[in-house]
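The values are calculated or read from the model by the stated rules, or taken from the named source; none is laboratory data. For clarity, every value in this text was computed on a predicted model and none was experimentally measured. Quick reminder, even Gly has a Cβ in these numbers, built from the backbone with ideal geometry, and neighbours come from all protein chains shown.
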Amino acid sequence: MNGKFITFEGIDGAGKSSHVEWLADWLRSWGKTVCVTREPGGTELGEKLRTLLLNDPMHLETETLLMFAARREHLAQLIEPALARGEWVICDRFSDATYAYQGGGRGLDRGKFLSLEQWVHGHVQPTLTLLFDLPLDVARERIALASRVLDRFEQERADFHERVRQAYLERAHGNPSRIRLVDANQSLEDIRKVLEKVVSTHCL
Ligand code: TYD
């Protein structure tokens, strides 16, 4: 893998998505070829699975398997070829989201998560993961302000989101060289300064 693989993570309402395009443009200004994508999704099949995952109630293990099925397709069609060409891939969520949402939020057995992770991408891990963290009440307020229909995950209760947050923090604790915590409860400008610094130190 010659390219760089950066993933963005965080609870719903952490505001990570607004920074994804900004980081891509910043890297392009340094002459890098950047591919921006997201999970679940990123391929034609993956986007169809996303629609199902975000809207249709299903068994926890079905949900987990579909997340990983979409991921396998995404890696095969888009992520691995781009990395092999030496490009940068920025992905809005990846397997840490499965660890946090299906594992922390819904209680999926950790051994099952680890087997699927090993099966689907034992050979590929993000170069860097930016974990946007902020207190739950601030995130919930941001979601409440969004005037759109909430998806199945956003509609979950506060205790679900608190478990997701704790699982993300635990995952970061276990992977300190890959996962960098970003305090998402600050201005856009301050967050951008942090991203510039972390990405330059870690990847450039
Ligand atoms: P999100 O990335 O937050 O998109 P948007 O900004 O458009 O709302 O939405 C994806 C949702 O899918 C999010 O609530 C988390 C959930 N999700 C999982 O539960 N497990 C996963 O493995 C992934 C990738 C996402």
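This table checks each residue for (1) free of Cβ contacts under 8 Å to residues at least 60 places away in the same chain; (2) more than 13 Å from the ligand (Cβ to nearest atom); (3) over 19 Å from ARG106 (Cα atoms).
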{"site": "HIS121", "(1), (2), (3)": "yes, no, yes"}
{"site": "VAL124", "(1), (2), (3)": "no, yes, yes"}
{"site": "THR129", "(1), (2), (3)": "no, no, yes"}
{"site": "PHE132", "(1), (2), (3)": "no, no, yes"}
{"site": "ARG152", "(1), (2), (3)": "no, no, no"}
{"site": "HIS161", "(1), (2), (3)": "no, no, no"}
{"site": "GLU170", "(1), (2), (3)": "no, yes, no"}
{"site": "ASN175", "(1), (2), (3)": "yes, yes, yes"}
{"site": "ILE179", "(1), (2), (3)": "no, yes, yes"}
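Summed over the range 76-121, residues that are within 16 Å of the chain's Cα centre (by Cα) and polar (S, T, N, Q) total 3. Only one entry of VAL164, VAL194 meets the criterion of being under 16 Å from GLY15 (Cβ atoms) and surrounded by fewer than 19 Cβ atoms within 10 Å (Cβ to Cβ), and that entry is VAL194.
Within the set of pairs 6 or more residues apart or between chains, which connect a residue that is more than 18 Å from ALA158 (Cβ to Cβ) and assigned to a loop (DSSP other than H, G, I, E, B) inside the range 93-105 to a residue that is within 8 Å of the ligand (Cβ to nearest atom) and at pLDDT below 95 with Cβ atoms less than 8 Å apart? From residues that are more than 18 Å from ALA158 (Cβ to Cβ) and assigned to a loop (DSSP other than H, G, I, E, B), there are no pairs. Return yes when PHE5 is within 12 Å of the chain's Cα centre (by Cα), under 27 Å from ARG165 (Cβ atoms) and either of a type in the set (A, V, I, L, M, F, W, C) or part of a strand (DSSP E or B) (or both) and no when it is not. It is true that PHE5 is within 12 Å of the chain's Cα centre (by Cα), under 27 Å from ARG165 (Cβ atoms) and either of a type in the set (A, V, I, L, M, F, W, C) or part of a strand (DSSP E or B) (or both). For the range 38-70, a tally of residues being among the basic types (Lys, Arg) and within 21 Å of PHE8 (Cβ to Cβ) returns 2. Evaluation of HIS121 against the conditions (1) in contact with a Ser or Thr (Cβ under 6 Å, 6 or more places away or on another chain); (2) under 30 Å from SER200 (Cβ atoms) shows that the sole unmet condition is (1).
For the residues SER147, SER115, the requirement of being hydroxyl-bearing (Ser, Thr, Tyr) and at pLDDT 95 or above singles out SER115.
Among the residues of the range 167-188, is any assigned to a helix (DSSP H, G or I) and either aromatic (Phe, Trp, Tyr) or within 15 Å of ASP12 (Cβ to Cβ) (or both)? Checking the range 167-188: at least one residue is assigned to a helix (DSSP H, G or I) and either aromatic (Phe, Trp, Tyr) or within 15 Å of ASP12 (Cβ to Cβ) (or both).
When ALA14, ALA76, ALA82 are checked against the criterion of being buried (at least 18 other Cβ atoms within 10 Å of the Cβ) and more than 10 Å from the ligand (Cβ to nearest atom), a single residue qualifies: ALA82.
For the range 75-109, name all the residues that are farther than 16 Å from THR129 by Cβ and in contact with a Cys (Cβ under 8 Å, 6 or more places away or on another chain). Scanning the range 75-109 gives LEU78, ALA82, GLU87. Within the range 97-119, the set of residues being within 15 Å of HIS74 (Cβ to Cβ) and either crowded, with 20+ Cβ neighbours inside 10 Å or touching a strand residue (DSSP E or B) at 6+ places or on another chain (Cβ under 9 Å) (or both) comprises ALA97, THR98, LEU116.
Selection of the range 48-81 for residues being in contact with a strand residue (DSSP E or B) (Cβ under 9 Å, 6 or more places away or on another chain) and free of Cβ contacts under 8 Å to residues at least 40 places away in the same chain yields ARG50, HIS74. Please verify whether the range 136-148 includes one or more residues that are over 20 Å from ILE11 (Cα atoms) and either more than 10 Å from the ligand (Cβ to nearest atom) or not in a helix (DSSP H, G or I) (or both). No: zero hits.
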